[in-house]
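A quick write-up on the structure given underneath.
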Amino acid sequence: MTAPKIPNLFKVPELKDKILFTLLALLVYRIGAHIATPGVNVQALAAYAQRSQGTLFSLYDLFAGGGLSRAAVFALGIMPYISASIVFQLAGPVFPIIEKMQRDEEGRKKLTQWTRYLTVLLCLFQSYGYSLFIQSQIPGAVTMNPFGFKLLTVLTLTAGGVFIMWLGEQITERGIGNGMSLLIFFSIVERIWPETLKTFETLTTPGSDLTIPKLLVVLGMMVLVVGATVAVTVAARRIPIQIPRKVMGRGRIREGQKTFIPLRINSSGVMPIIFAQSLIIVPGTLAQFSNIQWLKDFSTYFNYTSIAYLITLAVLIVFFAYFYTSIIFNPVDLAENLKKQGGFIPGVKPGAATADYIDEVLSRITLPGAIFLTFVAVLPIIIGNVLNMPFGFGGTALLIVVGVALDTVQQVQQYLLLRHYDGFMKEGRVKFRGRTQ
């Protein structure tokens, strides 16, 4: 008889404490995302959010869990911290001193502290910009003195952004999974229930374009896309590594080992889609804040219904897939570390030749990964335009949900296996990064 899965999660005291702490932290996060900032007409802001689909506002609101459209205390979400982290990550290849700090334990601690300081600055700027945006673009949204509203909004949203940063770090340290990723994960998942209710309301409305056959087709496509996303997320190209025998002293000889380096097909994750969408919606966002006619005319080419939008989005995703992979993965460092350990790739000379070989393999497998990212990002848009669906399953949200879910399940599995609680694993283990956990 197969042992029950879920009860085993709470048989390990340490794992039980981590799960409960994570759930409590996420509950606090979601409560804060529904507490409105004083001095805001939430109804006017929600009406504007319905009209601003496809702009920078809607993209940011996705990662904030709808906090922007509700003017919540946690409206900025975790994005200021993620933006600060990306800044220092991208600065590594540009500034040698930062790259050196990234390799050293003390240097990484200092970079973490700098990231926190930059997060506070970003929260200050973004909260002030948000207050200006509400005052200038949404009539009737501000219900108090303009100066007092700006000051109160800056203080409230900055405090909320810093608290979310602290909460995410606490989840990573004391909970289960990556705190920052889980905060975004639950912000996205929270929208499933409202979107489901909206879909059924549209389905039962007389004269609606949505029919049961259309809905079944879309649901089938969603299942296929989710399955493909899981497959590509865990897929990896194995590069075999040979570690020769070594004399350990006193006549002892360590046997040679055969292992491998797993290169993920989608090494860049969801970042190429985020970068591409953030860049392509700039024209439409700028057009909203200006009265320049040629800019408004130009922005019409970059909406969800245009071919130019889809083609440009696809090109940008492929470009950023290669760009981001080259930043986060350094074949030269990998070859040097492999050489120091005495390992080598069979048939390839150590050193520069190994780095060139790894770079060539990485370049080849990045292309199908980039094409898949493009498919995931473009397909929901095409389906939504053709079938006129009242909801969407965006590629960005889908990749985040699948990736975070797999990483979290992997960590839970490791805890259970470490303490010989295999009930959770008997029916199948997650195959991740080229090996079975």
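Every residue, every condition in (1) modelled with pLDDT of 85 or more; (2) on the phi > 0 side of the Ramachandran plot; (3) in a helix (DSSP H, G or I); (4) surrounded by fewer than 16 Cβ atoms within 10 Å (Cβ to Cβ), yes or no:
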| position | (1), (2), (3), (4) |
| --- | --- |
| Ala353 | yes, no, yes, yes |
| Asp356 | yes, no, yes, yes |
| Asp359 | yes, no, yes, no |
| Arg364 | yes, no, yes, yes |
| Leu367 | yes, no, yes, yes |
| Thr374 | yes, no, yes, no |
| Ala377 | no, no, yes, no |
| Ile383 | no, no, yes, no |
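One line per residue, one yes/no per condition, for (1) surrounded by 15 or more Cβ atoms within 10 Å (Cβ to Cβ); (2) more than 18 Å from the chain's Cα centre (by Cα); (3) polar (S, T, N, Q):
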position: Gly160; (1), (2), (3): yes, yes, no
position: Met165; (1), (2), (3): yes, no, no
position: Glu169; (1), (2), (3): yes, no, no
position: Glu173; (1), (2), (3): no, yes, no
position: Asn178; (1), (2), (3): yes, no, yes
position: Phe186; (1), (2), (3): yes, no, no
position: Trp193; (1), (2), (3): no, yes, no
position: Leu197; (1), (2), (3): no, yes, no
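Pick out the one residue from Leu182, Leu151 that is in the same structural domain as Leu24 (by TED's automatic domain parsing), closer than 21 Å to Gly403 by Cβ and of a type outside the set (S, T, N, Q).
None of the others qualify; the one that does is Leu182.
Among the listed residues Ser131, Ser83, identify the single one that is surrounded by 19 or more Cβ atoms within 10 Å (Cβ to Cβ), without any contact (Cβ under 8 Å) to a residue 60 or more places away in the chain and part of a helix (DSSP H, G or I).
On inspection, the qualifying residue turns out to be Ser131.
Listed here are the residues, each with its yes/no results for (1) at pLDDT 80 or above; (2) surrounded by fewer than 18 Cβ atoms within 10 Å (Cβ to Cβ); (3) assigned by TED's automatic domain parsing to the domain that holds Val232; (4) acidic (Asp, Glu).
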{"position": "Glu255", "(1), (2), (3), (4)": "no, yes, yes, yes"}
{"position": "Ile265", "(1), (2), (3), (4)": "yes, no, yes, no"}
{"position": "Val270", "(1), (2), (3), (4)": "no, no, yes, no"}
{"position": "Phe275", "(1), (2), (3), (4)": "no, no, yes, no"}
{"position": "Ser290", "(1), (2), (3), (4)": "no, yes, yes, no"}
{"position": "Leu295", "(1), (2), (3), (4)": "no, yes, yes, no"}
{"position": "Val315", "(1), (2), (3), (4)": "yes, yes, yes, no"}
{"position": "Val318", "(1), (2), (3), (4)": "yes, no, yes, no"}
{"position": "Phe323", "(1), (2), (3), (4)": "yes, yes, yes, no"}
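Within the range 156-182, can you find the residues that are among the hydrophobic types (A, V, I, L, M, F, W, C) and either in contact with a Ser or Thr (Cβ under 8 Å, 6 or more places away or on another chain) or not in a helix (DSSP H, G or I) (or both)?
Matches in the range 156-182: Leu157, Val162, Met165, Ile171, Ile176, Met180, Leu182.
Considering only residues that are more than 30 Å from Ile400 (Cβ to Cβ) and surrounded by 10 or more Cβ atoms within 10 Å (Cβ to Cβ), look in the range 233-253 and name the one that is modelled with the lowest pLDDT.
Ile253
Yes or no: Pro139 in the same structural domain as Leu23 (by TED's automatic domain parsing) and without any contact (Cβ under 8 Å) to a residue 24 or more places away in the chain?
no
The values are calculated or read from the model by the stated rules, or taken from the named source; none is laboratory data. Keep in mind the model is a prediction, meaning the values are calculated, not measured. We place every Cβ from the backbone using ideal geometry, glycine too, and count neighbours over all the protein chains shown.
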